[in-house]
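The values are calculated or read from the model by the stated rules, or taken from the named source; none is laboratory data. Owing to the predicted nature of the structure, the values given are computational and were not obtained by experimental measurement. Note: ideal-geometry Cβ built from the backbone for every residue, glycine included; neighbour counts use all protein chains shown. Side chains are part of the model used for accessible areas, which takes the heavy atoms of the whole protein and leaves out ligands, DNA and RNA. Shrake-Rupley method; radii C 1.70, N 1.55, O 1.52, S 1.80 Å.
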Amino acid sequence: MSSMEPEEFQKLLDEYYQWPTEYMFKFIIKSDLIEGIQGLEDVFASLEIIEKTTRSSHGGKYTAYSVRAQMHSSISVIDVYRKVSEIEGVVAL
């Protein structure tokens, strides 16, 4: 979503998905940014999580953070990305 306007992203989401649906979020964060990892945990705390995984990169410098959650609308997906965009050091994939 980073290079796309929210309205354009919402249109694509609504064309591709039927709501509610399971949606996969993927992020990368520097492993030493504990605040960022906690920030991700906080964003997803109120959502219905189906699966969550974290994996360190080969050198341990980065952590991949993936969450599959039950989402009720394209707006709710965009809201998650907006909240995550405020967390320092987190990159959405």
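Before moving on, here are some points about what is shown:
- Candidates Met4, Met24, filtered to the one that is at pLDDT 95 or above and at negative phi: Met24
- Neighbours by Cβ (under 7 Å, 6+ apart or cross-chain): first from the stretch 38-54, closer than 15 Å to Ser76 by Cβ; second open to solvent by less than 60 Å² (accessible area, probe 1.4 Å) and not aliphatic (A, V, I, L, M): Glu48/Gln70; Ile50/Gln70
- Output for the stretch 1-37, where each listed residue is in contact (Cβ under 8 Å) with a residue 60 or more places away in the chain and closer than 14 Å to Asp79 by Cα: Met1, Ser2, Pro6, Phe9, Gln10, Leu13, Phe25
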